Amino acid sequence: MAKDTLEISETLVPTILGNKDTHIRMLNNIFSVKTSVFGGIFTLEGDKTSIELARKALEDMVSIAATGKLTTDKVTDILRMVSDKTPDACDVMSDCIKVAGRVKRVNPKSSTQRAYVEAIRKNDMVFGIGPAGTGKTYLAMAMGIHYFLRKKCGKIILTRPAVEAGENLGFLPGDISDKINPYLRPLYDALYSMMDFSKVTALLEQGVIEVAPLAFMRGRTLNDAFIILDEAQNTTEEQMKMFLTRMGFQSKVVVTGDVTQVDLPANKNSGLILVQQILKDIKGISFQQFTEKDVVRHPLVQRIVKAYDGYYGDK
């Protein structure tokens, strides 16, 4: 059994402890340590490796608390990143994308997410590829709104292929708009969380924000726009080429998808898989690969993704 101590300003102690010591209980649970506090002295007990990780997490919590922005959600992110041995947790969390809805600020929650955001800033075309829950679409949406609000683009275009996953569109009630809207709902959900509802509604009516199925992109040239193609694993090779060549002047394109969740017919190849081979060496294009370590939903999701990867990896 090893022991270590860390002295913290007493003014920060309540924030570090959390409501009813929630933060410290989380730290103890994640790293299997015992933490005692006297004044501003935190004493950690456990095995050597666990104490080293717990101390790093505490130091990161102190750094964030000193800015007055330590929340339970951020403690969760810190503990996850330290557990995954992310060396720059504080730097990751210091990055901030300002938006203007119920959510005011969006922060990357892993090194890969931060690299992804930085790639969008530096490149005109970025591919975010990886499992569900890694923030690919959400961060792309945040960057699109951020650019639009700062007049770095004139419109936001959100699109995804309307590919059936076990159901038949023809069996759904309503006209073509009613049939397609459920496929676009995740894009609307992210949009409404980051901009005021009334403003989004007005911009949609004006066509300044456009949410449409991929088929509606054909024949267009998209200038001065931030364009997001979601669920790109369900594009065919031809659709991917069609979409990428719609890009016009003063535009940014972000393509997101998960190559393990292709819903195309067996005789169709995914455009997202092929494009990684064709465009991998093209200057101005960045490919960011996410893994289960970047999953920022419920901790069970990360374990589910890892289990599936292990199952199919053994086949």
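From Cα pairs below 8 angstrom and at least 6 apart in sequence, can you work out the relative contact order of region 25-91, rounded to a whole percent?
Working: 58 pairs, mean separation 18.5, N = 67.
That works out to 28 percent.
Given contacts defined as C-alpha pairs under 8 Å and at least six residues apart, what's the relative contact order of the chain, whole-number percent? List each step's numbers first, then the result.
Numbers: 511 pairs, mean separation 57.1, N = 315.
RCO, the chain: 18 percent.
Using a 1.4 Å probe on the protein heavy atoms, what percent of the accessible area of the chain belongs to carbon and sulfur?
Numbers: 8530 of 16290 Å².
So the carbon and sulfur contribution to the accessible surface is 52 percent.
Pull out the extension gain between T245 and Q289, defined as 0.36 nm times the separation in residues minus the alpha carbon to alpha carbon distance; nm, one decimal.
On the way: separation 44, 0.36 × 44 = 15.84 nm, distance 2.26 nm.
Extra length from T245 to Q289 when fully extended: 13.6 nm.
Would you please classify the overall shape of region 214-315 from the alpha carbon gyration tensor, given that a ≥ b ≥ c denote the square roots of the eigenvalues, rounded means a/c under 1.5, and beyond that prolate means a/b larger than b/c while oblate covers the rest?
Because a/c hits 1.5 or more and a/b exceeds b/c, region 214-315 counts as prolate.
What FRET efficiency would be calculated for the residue pair E59, K104, taking the C-beta separation as r and a Förster radius of 22 Å, to the nearest 0.05?
Numbers: r = 27 Å, r/R0 = 1.22.
With a Förster radius of 22 Å, E is 0.25.
Taking the alpha-carbon distance from K283 and a cut-off under 15 Å, which aspartates and glutamates remain once sequence neighbours fewer than 8 residues away in the same chain are dropped?
Cα-Cα hits under 15 Å: D124.
Measure off 7 Å from each Cα along the Cα-to-Cβ vector at E237 and Y312, then give the distance between these two points in nanometres to one decimal.
2.0 nm
What percent does the relative contact order of region 227-282 come to when contacts are Cα pairs within less than 8 Å and at least six residues apart? Intermediate results must be reported in sequence, preceding the final value.
Working: 70 pairs, mean separation 28.2, N = 56.
Reported as a whole number, the value is 50 percent.
Output ³J(HN,Hα) for region 185-194: one whole-Hz value per residue in order, computed from phi by the Karplus curve 6.51 cos²θ - 1.76 cosθ + 1.60 with θ = phi - 60°, and x for Gly and Pro.
3J(HN,Hα) across region 185-194, in whole Hz: 4, x, 5, 4, 4, 5, 4, 5, 6, 10.
Go ahead and estimate [θ] at 222 nm for the chain from helices alone: -39,500 (n - 2.57) per DSSP H run with n ≥ 4, summed, over the residue count, rounded to 500.
Details: 12 runs with 137 residues, N = 315.
Value at 222 nm, helices only, nearest 500: -13500 deg cm²/dmol.
Is the C-alpha gyration tensor of region 255-301 telling us rounded, prolate or oblate? Criteria: a/c under 1.5 is rounded; beyond that, a/b larger than b/c is prolate, otherwise oblate. If you can, show how the numbers build up before the last one.
Working: a/c = 3.59, a/b = 1.24, b/c = 2.89.
In terms of gyration-tensor shape, oblate.
If a/c stays under 1.5 just call it rounded; otherwise compare a/b with b/c (prolate if a/b is bigger, oblate if not). Do that for the chain, with a ≥ b ≥ c from the square roots of the Cα gyration tensor eigenvalues.
Working: a/c = 2.28, a/b = 1.81, b/c = 1.26.
Prolate is the answer for the chain, as a/c is 1.5 or above and a/b outweighs b/c.
What's the magnitude of the charge dipole for the chain around its Cα centre, counting Lys and Arg as +1 and Asp and Glu as -1 at the beta-carbon? Answer in Debye, nearest 20.
Details: 41 positive and 37 negative charges, 127 e Å.
Approximately 600 debye in magnitude.
If you wrap a convex hull around the Cα atoms of region 1-132, how much volume per residue is inside, in Å³?
On the way: hull volume 17.1 nm³, N = 132.
Here the figure is 130 Å³ per residue.
Can you work out ³J(HN,Hα) from phi for every residue in region 125-139, in order, using Karplus 6.51 cos²θ - 1.76 cosθ + 1.60 and θ = phi - 60°, giving whole Hz and x for Gly and Pro?
Rounded to whole hertz, the list is 9, 9, 10, x, 10, x, x, 4, x, 8, x, 4, 6, 4, 5.
Under a crude label model (7 Å from the Cα following the beta-carbon direction), how far is V13 from Q261 in nanometres?
About 4.6 nm, to one decimal.
Pairs K3/K109; K155/K241; K3/K56: which exceed 25 Å Cα-Cα? Can you show the working numbers first?
Details: K3/K109 30 Å; K155/K241 22 Å; K3/K56 14 Å.
In this structure, K3/K109 lie more than 25 Å apart at Cα.
In square angstrom, what is the accessible area per residue of the chain with a 1.4 angstrom probe? Numbers along the way, then the final one.
Numbers: 16290 Å² over 315 residues.
Using a 1.4 Å probe on heavy atoms only, each residue of the chain averages 52 Å².
To the nearest 0.05, how large is the calculated FRET efficiency for A132 and V208 if R₀ is 35 Å and r is the Cβ-Cβ distance?
Calculated transfer efficiency: 0.75.
The values are calculated or read from the model by the stated rules, or taken from the named source; none is laboratory data. Nothing here was measured: the structure is a model prediction, and the numbers come from that model. As a convention, Cβ positions derive from the backbone with ideal geometry for all residues, glycine included, and neighbour counts pool all protein chains shown. We work out accessible area using only protein heavy atoms, side chains counted, and drop any ligands, DNA or RNA first. Shrake-Rupley method; radii C 1.70, N 1.55, O 1.52, S 1.80 Å.
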